[in-house]
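Below is one structure, written out as structure tokens, with a few remarks after it.
The values are calculated or read from the model by the stated rules, or taken from the named source; none is laboratory data. The structure presented is a predicted model; accordingly, all values stated were derived computationally and were not measured. Please note: Cβ atoms are built from the backbone with ideal geometry, for glycine as well, and neighbour counts cover all protein chains shown.
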Protein chains: 2
Amino acid sequence: MESQYKSGSNIGGLESGEKEVAIANKRKMRGWDFVLRFLALGLSLAAAVVLGVNKEKTTVPVSLVPTMPPVNVPVTAKWHYLSAFVFFVVANAIACAHAAISLVLSLASVSGKKGISMVIIFFDLVMVALLFSGVGAALAIGLMGYKGNSHVGWKKVCNAFDKFCDQAAAAISLSTVAALLFFLLVVLAALNLHKKH
Amino acid sequence: MESQYKSGSNIGGLESGEKEVAIANKRKMRGWDFVLRFLALGLSLAAAVVLGVNKEKTTVPVSLVPTMPPVNVPVTAKWHYLSAFVFFVVANAIACAHAAISLVLSLASVSGKKGISMVIIFFDLVMVALLFSGVGAALAIGLMGYKGNSHVGWKKVCNAFDKFCDQAAAAISLSTVAALLFFLLVVLAALNLHKKH
């Protein structure tokens, strides 16, 4: 993109020439960067929505008196009951918003300007950190819900809330792929800068 | 570093000239990259050790029969009881090993070679992802131990294991700074490539 800008100015050295090159480059911008960014947008949005609408009502048998048969008590699991899941949804929403904005900037070919291109790479890197910490937090709590831990006396809850846990696992998987895509975007940007150097 | 390699080969075009430039550059390499990498090594090592030696024995009053006074039961908290903490220690150990190896490569001026320099940047980025996910996982479990969660019936354990929790909090803080340093190393490398471009 930038090299083409340069060649444009070398040939004509005119603003109109640069604009023509910029318009012509719009199609080329629909390359890997566009595909990866679009996928990252979709996956982080899906991850935020899948966990953000996660809710399950069920009944759990509780024995109030040992001699009496257990009573079925209605219980509800909601995503915002766990702070790790709240962080996960917020992180994915931010990543989705960043992907959307950077996609628009890429399509508008504004990213051809060096400064904006570097700002996008910087925020791609921020998204790597944000999404991986979100995935780490949600996975830690999710695994605790799935397995429980006898040492700290935290019982597994996924036997009661199977649908809720499946949906959480799906959201975490989606977000992991989104995080890897942002990782790949940073790697490709670095390789691009390296190649041009 | 790379540009100086280039100027060396421009002037002499000889391997000995390049070697002289490489030796002369050793001092210059003790710049920001060296300082940040060294700090990241120390902090990730400290984080792994602080959590890796974390162990606390205490007694918890347990009332076996409601009419009788509670009995003090000895309990132990160890870092490897929680899989999130195991992941955290392993992640920090890997980051520490990477920092040490990359530091040696930087000091030996081998990083002047384009390929190795890019490999170091790539693994710096891997460390960003690894450490942030480790911090996210450990923080999620740590906060659960500190606050508990009434919705899933997980009681807080930090009231009994105050020393254990303080040490875990210290390790998480150290690792967060190490993760931010690796983040900064990637940003500086990108800016460096951008500047040279």
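Just one of the listed residues (A:Ala93, A:Ala46, A:Ala77, A:Ala84) is hydrophobic (A, V, I, L, M, F, W, C), closer than 21 Å to A:Phe164 by Cβ and touching a strand residue (DSSP E or B) at 6+ places or on another chain (Cβ under 8 Å), namely A:Ala77.
So is A:Ala190 outside any loop (DSSP other than H, G, I, E, B) and either touching a Leu at 6+ places or on another chain (Cβ under 6 Å) or within 11 Å of chain B (Cβ to nearest Cβ) (or both) or not? So A:Ala190 passes the test. Residue pairs whose Cβ atoms lie under 9 Å apart, separated by 6 or more positions or on different chains, with the first residue in region B:66-91 and without any contact (Cβ under 8 Å) to a residue 12 or more places away in the chain and among the small types (Gly, Ala, Ser) and the second surrounded by 16 or more Cβ atoms within 10 Å (Cβ to Cβ) and not in a strand (DSSP E or B), are B:Ser83/A:Ala140; B:Ser83/A:Leu143; B:Ser83/A:Met144; B:Ser83/B:Ala137; B:Ser83/B:Ile141. Suppose the filter is touching a helix residue (DSSP H, G or I) at 6+ places or on another chain (Cβ under 8 Å) and in contact (Cβ under 8 Å) with a residue 60 or more places away in the chain; does B:Leu41 pass it? For B:Leu41, the condition - touching a helix residue (DSSP H, G or I) at 6+ places or on another chain (Cβ under 8 Å) and in contact (Cβ under 8 Å) with a residue 60 or more places away in the chain - is met. State which residue is surrounded by the most Cβ atoms within 10 Å (Cβ to Cβ) when the search covers only region A:121-135 and only residues that are more than 8 Å from chain B (Cβ to nearest Cβ) and touching a residue at least 40 places away in the same chain (Cβ under 8 Å). Among residues in region A:121-135 that are more than 8 Å from chain B (Cβ to nearest Cβ) and touching a residue at least 40 places away in the same chain (Cβ under 8 Å), the one surrounded by the most Cβ atoms within 10 Å (Cβ to Cβ) is A:Leu131.
Conditions (1) out of contact with any Lys or Arg (no Cβ under 9 Å at 6 or more places or on another chain); (2) closer than 27 Å to A:Lys78 by Cβ; (3) assigned to a helix (DSSP H, G or I); (4) more than 12 Å from chain A (Cβ to nearest Cβ), marked per residue:
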residue: B:Val86; (1), (2), (3), (4): yes, no, yes, no
residue: B:Leu105; (1), (2), (3), (4): yes, no, yes, yes
residue: B:Ala137; (1), (2), (3), (4): yes, yes, yes, no
residue: B:His151; (1), (2), (3), (4): no, yes, no, no
residue: B:Lys156; (1), (2), (3), (4): no, yes, no, no
residue: B:Leu185; (1), (2), (3), (4): no, no, yes, no
residue: B:Lys195; (1), (2), (3), (4): yes, no, yes, no
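Table: residues versus (1) of a type in the set (A, V, I, L, M); (2) within 12 Å of chain A (Cβ to nearest Cβ).
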residue: B:Thr59; (1), (2): no, no
residue: B:Ser83; (1), (2): no, yes
residue: B:Ala93; (1), (2): yes, no
residue: B:His98; (1), (2): no, no
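Under the condition of being free of Cβ contacts under 8 Å to residues at least 24 places away in the same chain and part of a loop (DSSP other than H, G, I, E, B), the residues counted in region A:158-168 number 2.
What are the residues in region B:35-75 that are closer than 26 Å to A:Leu139 by Cβ and part of a strand (DSSP E or B), if any? Passing the criteria: B:Lys55, B:Glu56. The number of residues in region B:107-117 that are crowded, with 18+ Cβ neighbours inside 10 Å and within 11 Å of chain A (Cβ to nearest Cβ) comes to 1. A:Ser106 meets each of the listed conditions (1) at pLDDT 85 or above; (2) more than 15 Å from A:Gly134 (Cβ to Cβ) apart from (1).
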